[in-house]
Amino acid sequence: MHSSRCSYYSCIQLSNKSLPLHLYTGGHMKRGKHLRKTLLGLVCLLLAFPSLGAAAEFTLKSGTLLRVFERDTPAGEEEKVLPAYEYLQLDIGSLASKGLSFHFYGWGRYDFADNDFYQDQEAGELLYGYLEYEQPDSSLNLRLGRQYIFEGVANESVDGLRLSSQLGQYFSASAYAGKSVGLDTTDGGSSDTIYGGRLAHFLGSTYQLGVSYKNSDNNGDIAEEMLGYDLSLFLPGSIGFYGNSVRNLETKGWAEHSYELRFNLANIAFRPYYEMFQYEDYFGTGANAVNPFRLLGLTEEELDIYGLDASYQLSDATDVGFKLKNYEYDIRESAQYYSLLANWRGEDMTAVGCEFGIMDGDAAKDQYSLIRLYGYKDNVPVLVGFLTGDVVYVDYDEDIYGESSSLFLSLGAGKRFMDDALTVELSGDYSSDPYFDEDVRALVKMTYNYDRGI
């Protein structure tokens, strides 16, 4: 059967990484009347604000995607799926300097095949739409509306207010409060709330230490209550140390530790790192129904990752390196991944790279060799445009469901028009692996950028 999964190489990365650092789902976001009225009011307020005048700026970015692929139906028949997506981004106001501005980004979809393939999915989403004010003579920043909160332990879509400012020479603070978009869409509760913030202490560019907190409530029940610590330390000799720890206040356990060290020896850049995920505390987030991995919180699994990345710069255009990564599990089989990489960069953004890796684990799915080739070429004479390609081949030591290998192939071409304001791209993907039959997809993408002063 045809699969509807992500590209095979992306799935390889997720399955071998075993746990992404920022697993998040915002659910399908409602576009209720109250939200539309709020956004309309924000735009009207922005346009009427007297301080904008002739200094205001206007930018518009439109992205149109037309996809073509086939999928099997429950009756065993193949049918074509022809969705068209429109992504629209609008920014208006004081964009190059501090002041008042409005920002909007959303998407909509129309299925030309009209075969009910998307019958259980939303036909569009408002990703963000907020009014922002930055005080000209200070670091005060306010945002009102639908926005993404990404700071400390927060990685959320929120309908509400965010406030941030520097407090003197050594401290900064931020706080937010509102309704969680994902929780509101899932259960429709009118009492879904979320609030939190971050307090940071810093000393110039030497270090920064932050403490953050998040509390989300799902219709009267605690969905998440997290406390986090983060550190950035910059030492002489281009040495940097970065990390964060997250504690689940509901389960009273450490959900995550992630730390890395960066330093150079001659022309070699090293990055040793350590990551830990305790599933019960990482996924055990109470009444958070939008967490698709919450069942993993019922397990007693713990994952420890030890790794080392190194890169040696042979010249201004060429570098080589290697990756070592060890996965230690409490329950499932452990594994190790080793790879060699090489990259070359030329003029006009031309780039070519390759990776050869070996996964050595106890399970059959963790025993394979991987080869990846990728490249980008601009100003191709025949097209007067650009070409891009990516090939990933995996050879398994043991057959999986009767298959001994996997292949992912992606080719694309594009051209720019109207002084690079309009970009048209055509791409195609092919994938085949032990878990799915072959899958072929095509994509036409048009991106338009417009900006001017008002």
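Laboratory data are not the source of any read-out in this text; all were calculated from the coordinates shown. Here the structure is a predicted model, which means the values were calculated and not measured. As a convention, Cβ positions derive from the backbone with ideal geometry for all residues, glycine included, and neighbour counts pool all protein chains shown.
Could you go through region 164-172 in sequence order and give the Karplus-derived ³J(HN,Hα) for each residue, using 6.51 cos²θ - 1.76 cosθ + 1.60 with θ = phi - 60°, rounded to whole Hz, and x for Gly and Pro?
9, 6, 7, 10, x, 8, 10, 9, 9
Go through 322-329, 216-223 and give me the packing order, highest mean Cβ count within 10 Å leading.
216-223, 322-329
Compute from the Cα atoms of region 94-152 the Rg and the Dmax, the latter being the longest Cα-Cα distance, and quote both in angstrom.
Here Rg and the maximum Cα pair distance are 17.3, 56 Å.
Give me the net charge for the shell around residue 211: Cβ to Cβ below 13 angstrom, other residues only, Lys and Arg +1, Asp and Glu -1.
Computed value for this residue: +1.
For region 326-454, what does the convex hull of the Cα positions come to per residue, in cubic angstrom?
Once divided by residue count, the hull of region 326-454 is 182 Å³.
Can you spot the aspartates and glutamates whose alpha carbon is less than 14 Å from residue 252's alpha carbon? Ignore those fewer than 8 places along the same chain.
Result set, ordered by chain and number: 224, 225, 280, 281.
Can you run phi through the Karplus equation (6.51, -1.76, 1.60; θ = phi - 60°) for region 256-269 and list ³J(HN,Hα) in whole Hz, with x for Gly and Pro?
Per-residue couplings from phi come out as 7, 10, 8, 9, 8, 10, 10, 7, 10, 10, 6, 9, 10, 9 Hz.
If contacts are Cα pairs under 8 angstrom and at least 6 residues apart, what is the relative contact order of region 237-286 in percent?
Rounded, it is 36 percent for region 237-286.
Beta carbons within 10 angstrom, averaged per residue: use that to sort the peptides 230-241, 135-146, highest first.
Averaged packing, sorted descending, gives the order 135-146, 230-241.
At what distance in angstrom do the alpha carbon centres of region 56-111 and region 390-436 lie from each other?
When both Cα centres are located, 22 Å separates them.
Roughly how many debye, to the nearest 20, is the charge dipole of region 309-454 about its Cα centre, given +1 on each Lys and Arg Cβ, -1 on each Asp and Glu Cβ, and no other charges?
It works out to roughly 780 debye.
Pairs 214/325; 80/415; 61/415: which exceed 22 Å Cα-Cα?
214/325; 80/415
Going Cα to Cα from residue 365, which aspartates and glutamates come in below 13 Å? Please leave out same-chain ones fewer than 8 positions away.
Correct list for residue 365: 333, 395, 397, 398, 399, 403, 433.
How far is it, in nm, from the label point at residue 419 to the one at residue 80 when both lie 7 Å from their Cα along the line to the Cβ?
3.9
Around residue 134, what is the net charge, scoring Lys/Arg as +1 and Asp/Glu as -1 over all other residues with Cβ under 13 Å from its Cβ?
With Lys, Arg at +1 and Asp, Glu at -1, the net is +1.
Rg and Dmax in Å for region 213-263, alpha carbons only: what are they?
15.3, 51
Suppose every Lys and Arg Cβ carries +1 and every Asp and Glu Cβ carries -1, with no other charges. What dipole size does region 391-432 come out with about its Cα centre, to the nearest 20 debye?
That gives a dipole near 400 debye.
Which whole-number percentage describes the relative contact order of region 369-454, with Cα contacts under 8 Å and a sequence gap of 6 or more?
21
Mind putting a number on the dipole of region 316-381 about its Cα centre? Charges go on the C-beta only, +1 for Lys and Arg and -1 for Asp and Glu, and I need it in Debye to the nearest 20.
140
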